[in-house]
1. For a test of the definition: using alpha carbon positions, the gyration tensor, and the 1.5 limit on a/c, classify region 24-76 as rounded, prolate or oblate.
2. Just reorder VAL79, VAL44 by solvent-accessible area, largest first, 1.4 Å probe, all chains present.
3. Counting heavy atoms of the protein chains only and a 1.4 Å probe, report the per residue accessible area for region 38-85 as a whole number of Å².
4. Tabulate in residue order the Karplus-calculated ³J(HN,Hα) for region 33-41, using 6.51 cos²θ - 1.76 cosθ + 1.60 with θ = phi - 60°, rounded to whole Hz; enter x for Gly and Pro.
5. For ILE30 paired with VAL13, estimate the spin-label separation in nm (one decimal), with each label point 7 Å from Cα along the Cα-to-Cβ line.
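The values are calculated or read from the model by the stated rules, or taken from the named source; none is laboratory data. The model shown is predicted, which means the values in this text are computed figures rather than measured ones. Note that we place each Cβ from the backbone using ideal geometry, even for glycine, and neighbour counts take in every protein chain shown. All accessible areas refer to the heavy atoms of the entire protein, side chains included, with ligands and DNA or RNA removed. Shrake-Rupley method; radii C 1.70, N 1.55, O 1.52, S 1.80 Å.
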Amino acid sequence: MSAEEIDTGSQNVTGYRKQTPDALDTVNEIKHTEEVVAKLWRWVRARPNVPTDPRQLALARTAFEEGFMHLNRAVFQPVDPFEGD
């Protein structure tokens, strides 16, 4: 049985292949780590006696968001909608 034929018992997301249980566990771990990083980012932003550059904070947030998105896409490997019929 190929990875695309495995039924994980969860609903599928349009545009994504069916996921293996290991892939789901991996992305869930990535999402957990993302929340830890987001908590750190919020902590740095909220430090009352540490002046921070808002632009750099915004850039850091964007970089984190993009990094985690690409990491999840590396695991889930979405179907390319431009390569269809």
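1. Details: a/c = 6.61, a/b = 2.08, b/c = 3.17.
Since a/c reaches 1.5 but b/c is at least a/b, the shape of region 24-76 is classed as oblate.
2. Details: VAL79 80, VAL44 50 Å².
Largest accessible area first, the residues go VAL79, VAL44.
3. Details: 4130 Å² over 48 residues.
Averaged over the residues of region 38-85, the accessible area is 86 Å².
4. 5, 4, 5, 5, 5, 4, 5, 4, 4
5. So the label points at ILE30 and VAL13 sit 0.9 nm apart.
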